[in-house]
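Data first, discussion second: the structure below is written as structure tokens.
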Amino acid sequence: MTRVDLPVIDCHTHIGQLPGVVGDAYGPEDLVYLQDHEGVRYMLVSSASTSTIGRGCGMAEMLAMVARYGERLGAMLWANPHDPAWAEDVPVAAAHGFRGLKIHPVLDHYAVTPEALDGVFACARAQGWPILTHADVDGSPMAAAPYEPLLRAYPDVPLILAHLRPGAIPLARRYENVYLDTTYVDAWMVEVGLAALGAGKLLFGSDACEGFDVGRVPGRVRPRRSYAGLIAALHERGITDADLERICYTNTKELFGLDGV
């Protein structure tokens, strides 16, 4: 297995039961396997089980992960605003060194509105946490554009819009606190985002372990990917080593305050 040739922090990974196929699940050991075999330095992780099974299951998975692998895997608290008790997990998450909030309006079935997400953004502000969100295809009520009222209301809350949608680029240009991640994005689109925004606005993400070799047959087989392959594709677009290091490492390290990583 080829190892990456630059420092990498992956801002977008998951453990737990993934949606779609029963038995399609990953544990922190799978992420650590990737780190050991592909050379990724650190990963930010949320539990999909919060959505597919329930909040208690997801939180238990995350606490167990932090207890065993906290120096290598950083926890993101999955917040579902449909659950009136979601914020009860915040004090526990803060006490265990969680790094931020993860939201997924598509999987949790809500439109992006201030009414839905004001409490989530207020929590992020109070805790000093960035928010990572799935941004759906442009034009949907779960896309990037509907976040704009929240961005105006919470200019001090960093928001990472996943999947580098074209409609997210104007928001990242307009607001200092908006960043885009490269999860499941073709290399040419990363080149477009880089040209529009500069390297300082992009964070490397992958949705690992989906499609990666974790040393076992997964519950759902996807097209094979690797960190070395993803980064090689960015090299082939002419992205410089300096810009790649910002995208793959420095930006996430600085945004999340990952001293020593």
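Where a number appears in this text, it was derived from the coordinates with a stated rule and is not lab data. What you are looking at is a predicted structure, and each value in this text was computed from that prediction instead of being measured. Note that we place each Cβ from the backbone using ideal geometry, even for glycine, and neighbour counts take in every protein chain shown.
Condition check ((1) in contact (Cβ under 8 Å) with a residue 40 or more places away in the chain; (2) of a type outside the set (D, E, K, R); (3) farther than 24 Å from MET1 by Cα) across all residues:
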{"residue": "GLY16", "(1), (2), (3)": "yes, yes, yes"}
{"residue": "TYR26", "(1), (2), (3)": "yes, yes, no"}
{"residue": "GLU29", "(1), (2), (3)": "no, no, no"}
{"residue": "LEU34", "(1), (2), (3)": "yes, yes, no"}
{"residue": "GLU38", "(1), (2), (3)": "yes, no, no"}
{"residue": "SER51", "(1), (2), (3)": "yes, yes, yes"}
{"residue": "GLY54", "(1), (2), (3)": "no, yes, yes"}
{"residue": "CYS57", "(1), (2), (3)": "yes, yes, yes"}
{"residue": "VAL66", "(1), (2), (3)": "no, yes, yes"}
Subset of region 149-172 [surrounded by 23 or more Cβ atoms within 10 Å (Cβ to Cβ) and either polar (S, T, N, Q) or touching a residue at least 60 places away in the same chain (Cβ under 8 Å) (or both)]: ILE160, ALA162
task: Taking ASP181 as the residue in question, decide whether it is in contact with a helix residue (DSSP H, G or I) (Cβ under 8 Å, 6 or more places away or on another chain) and of a type in the set (Asp, Glu).
output: no
- prompt: Is there a residue being buried (at least 20 other Cβ atoms within 10 Å of the Cβ), in contact with an Asp or Glu (Cβ under 9 Å, 6 or more places away or on another chain) and in a helix (DSSP H, G or I) anywhere in region 16-28?
  reply: yes
query: Are there any pairs, at least 6 apart or on different chains, whose C-beta atoms fall under 7 Å, with the first in region 182-193 and part of a helix (DSSP H, G or I) and the second hydroxyl-bearing (Ser, Thr, Tyr) and buried (at least 21 other Cβ atoms within 10 Å of the Cβ), and if so, which?
result: VAL190/THR182
field: Failed item in (1) part of a loop (DSSP other than H, G, I, E, B); (2) surrounded by fewer than 23 Cβ atoms within 10 Å (Cβ to Cβ), with PRO146 passing the rest
entry: (1)
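Within region 184-206, track down each residue that is among the hydroxyl-bearing types (Ser, Thr, Tyr) and surrounded by fewer than 24 Cβ atoms within 10 Å (Cβ to Cβ).
If we filter region 184-206 for residues that are among the hydroxyl-bearing types (Ser, Thr, Tyr), which is where we start, we get 184, 206.
If the condition is that a residue be among the hydroxyl-bearing types (Ser, Thr, Tyr) and surrounded by fewer than 24 Cβ atoms within 10 Å (Cβ to Cβ), then TYR184 is the only one that fits.
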- line: Of the residues in region 31-68, those that are surrounded by 19 or more Cβ atoms within 10 Å (Cβ to Cβ) and not aliphatic (A, V, I, L, M) come to TYR33, GLN35, GLU38, TYR42, SER46, SER47, SER49, THR50, SER51, ARG55, GLY58, GLU61
